[in-house]
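The values are calculated or read from the model by the stated rules, or taken from the named source; none is laboratory data. None of these values were measured; they are calculated from a predicted model. Every residue, glycine among them, receives a Cβ derived from its backbone with ideal geometry; neighbour counts consider all protein chains shown. For the accessible areas, the whole protein counts, side chains as well, though only heavy atoms, and no ligand, DNA or RNA atoms are used. Shrake-Rupley method; radii C 1.70, N 1.55, O 1.52, S 1.80 Å.
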Amino acid sequence: DVAYLRSVLPSTTDDAFFEYLATLDASEVTVTAIPEGSVVFPRVPFLQVKGPLLVVQLLETTLLCLVNYASLVATNAARFRLLAGPDVKLLEMGLRRAQGPDGALSASKYSYIGGFDGTSNILAGKLYGIPVRGTIAHSFIMSFRCLEEVQPRELPPRAGGDPVDLAGLAVSWLQRVCDLLQTPPGKANQGELAAFVSYAVTFPCDFQGLLDTYCVKRSGLPNFCAVALALHQLGYQAIGVRLDSGDLAKQSKEIRAVFRACGAHFQVPWFGTIPIAVSNDISEQSLEEFRREGSEIDMIGIGTNLVTCPLQPSLGCVYKLVEVNGSPCLKLTEDEEKMTIPGVKAVYRLYDAAGHPFMDLMALEEEPLPSAGQELGIRVLGRLEESAKVTPSTVEPLHRTYFRDGQVCEPLPSLPEVRTHAQASLSRLSPAHRRLHEPQPYPV
């Protein structure tokens, strides 16, 4: 590394500089941070690095690279979770649209922290233990033309016994389903039925259907119901369907009505509760429309609008010098938001009597620790000419020391622990601060 730097830096660079680089270590660096998964507000320093100036300056780009995209994706995922509500399952499926394989892996990891339930990225499941989920592809269904292509086609009953021709059983059920739905059996695509049967023979305990390859009402839905009922006759239970086009909310309600009708008519109680999943360029606006129109959607797969963060493609975290050799540093600029706040700071979160955080307080490190019930004189960023007084019911110091003397000195949480902490942090916010449209500004 030093040899490479010699080749690209000016030839007049002092040899002592390269000799110094060869001896670099992190033993004099201390890092304090707000715990991963915490809600952090603008202008609050969530990471603080102390050490020799050259060493801490060399860390700038790496640290910002590590936290910017991670925080952005986790925040974006949290917004989707807040819009979807606690009961709908959210699946990250953005691998094909992400900014390269590393971006995709990061998106899988940090969308899980933000509140998603699983990922279609198998490598993320292997590396991080994130639950992996997937569905049938249109290409799988389109690769079949007729039932004669299904091999094998026999399936033994779940309770044991002689194998049964599942394809023949599904054909007989298709006639009964079409009679109930008053749709011609001839309109159901035979290649689609073959694909469903082939999948069901291979995964009888995990059968699912993608309904919109040809026509949901005339083909996908009756074909799925026929195979699902044939499986039920053999003791198995289908696990769900997916829609990938059209008016998803409206179709989900129509599909639910058909499931309930089949369940009642054929005396299969669980049939009416088969989970319905949707995908197709889902955005925040899509989730708002689902809520406004009402739907029967149980699971949502989100890709492009999750991993590329189109509403805000980058997060502007910055790394600024605030003190050198005990002397505070201040960057002056005409743009008040870009002015730095000098001095080494301690950060506290102030809670009201209802348990909601209502303000983050920055104080100089040497100032006395604020306490619950104590009246505090404060100035709010953006309104520095005004002074005010607040009395918190609870005070929480936010910074913890994670690295000192060359060693990690705080146990690092597992990914599920970070995810749990993130959801708890969000839940403690008051509804006025948590709403996504015109939220009440959170004072710092």
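These residues, His437, His138, go from largest to smallest accessible area, 1.4 Å probe, as His437, His138.
Relative to one another, the C-alpha centroids of the range 181-237 and the range 45-59 are positioned 60 Å apart. Relative contact order of the chain: 19 percent, from C-alpha pairs under 8 Å at least 6 residues apart in sequence. Computed extension gain for Val164 through Leu311, at 0.36 nm per residue and net of the alpha carbon distance, reaches 47.7 nm. Roughly speaking, what is the centre-to-centre gap between the range 326-367 and the range 1-42 when only Cα atoms are used, to the nearest Å? The two parts, judged by their Cα centres, are 26 Å apart. The simple Förster model, with R0 at 35 Å and r as the Cβ-Cβ distance, assigns Cys329 and Arg97 a FRET efficiency of 0.25. The angle between the Cα long axis of helix 221-233 and the main principal axis of the chain comes to about 80°, on a 0 to 90 degree scale. In the set [x] 23.6; [y] 29.4; [z] 26.4, the label that goes with mean projected area of the Cα convex hull in nm² computed for this structure is [y]. Heavy-atom surface analysis with a 1.4 Å probe gives the chain a carbon and sulfur content of 54 percent of its accessible area. Taking every DSSP beta bridge that has both ends in the range 76-308, the antiparallel portion is near 10%.
Residues whose amide H falls under 5 Å from that of Val278, counting only those 5 or more places apart or on a different chain, are Leu243, Met299, Ile300, Gly301, with hydrogens built in the peptide plane. Can you tell me the FRET efficiency between His356 and Asp25 if r is taken as the Cβ-Cβ distance and R0 is 30 Å, rounded to the nearest 0.05? For His356 and Asp25, the calculated efficiency is 0.10.
Full extension of the chain between Tyr319 and Ser245 gives 22.2 nm of extra length, using 0.36 nm per residue less the Cα-Cα distance.
Our note on the geometry: Cα centres of the range 265-305 and the range 376-403, 43 Å apart. Phi angles of the range 105-115 translate, via the Karplus equation with coefficients 6.51, -1.76, 1.60 and θ = phi - 60°, into HN-Hα couplings of 4, 4, 4, 4, 5, 7, 6, 5, 4, x, x Hz per residue; Gly and Pro are given as x.
As a calculated quantity, the FRET efficiency between Glu396 and Thr12 at R0 = 56 Å, using C-beta atoms, amounts to about 0.60.
If a spin label sat at a point 7 angstrom from the Cα of Glu254 along the line to its beta carbon, the backbone N atoms of the range 201-232 nearer than 19 Å would be those of 209-226.
Protection proxy ranking, highest mean first, for peptides 213-224, 120-131, 240-251: 213-224, 240-251, 120-131, where packing is the per-residue count of other beta-carbon atoms within 10 Å, averaged. Packing, taken as the mean count of other beta carbons within 10 Å per residue, orders the peptides 147-155, 376-384 from highest to lowest as 147-155, 376-384.
Largest GNM mean-square fluctuation among Gln175, Gln423, Gln267, using the chain with Cα springs under 10 Å: Gln267. Within a straight-line Cα-Cα reach of under 19 Å, Lys338 can be paired with the following lysines, leaving aside sequence neighbours fewer than 8 residues apart in one chain: Lys320. In this simple spin-label approximation, Tyr128 and Glu336 carry label points 7 Å from Cα along the Cα→Cβ vector, and these lie 3.8 nm apart.
Estimated from helical segments only, the mean residue ellipticity of the chain at 222 nm is -11000 deg cm²/dmol, where each DSSP H run of four or more residues counts as -39500 (n - 2.57). Near the amide H of Thr119, within less than 5 Å, lie the amide hydrogens of Glu92, Val132, Arg133, all on another chain or at least 5 residues away, with H placed in the peptide plane. Cα extents for the range 84-179 along the principal axes, largest to smallest and rounded to whole angstrom: 47, 30, 29. Converting the Cα gyration tensor eigenvalues of the range 76-308 into ellipsoid dimensions via √(5λ) gives semi-axes, longest first, of 32, 20, 16 Å. Partner aspartates and glutamates whose Cα lies under 18 Å from the Cα of Lys250, excluding those fewer than 8 positions away in the same chain, are identified as Asp212, Asp281, Glu284, Glu288, Glu289, Glu293, Glu296, Asp298.
3J(HN,Hα) couplings calculated from phi for the range 249-259 with the Karplus curve 6.51 cos²θ - 1.76 cosθ + 1.60 (θ = phi - 60°) are, in sequence order, 5, 5, 5, 4, 5, 5, 5, 4, 4, 5, 4 Hz; Gly and Pro show x.
Here the range 71-96 is scanned for amide nitrogen atoms under 15 Å from the site 7 Å beyond the Cα of Thr420 along Cα-to-Cβ, giving none. Considering only beta bridges that DSSP places wholly inside the chain, some 65 percent are antiparallel. Please go through the residue pairs Lys187/Lys253; Lys126/Lys253; Lys50/Lys126; Lys109/Lys217 and name each one whose alpha carbons sit more than 27 Å apart in this structure. Beyond 27 Å between Cα atoms: Lys126/Lys253; Lys50/Lys126; Lys109/Lys217.
Using a probe of 1.4 angstrom and keeping all protein chains present, the accessible surface of the chain works out to 53 square angstrom per residue.
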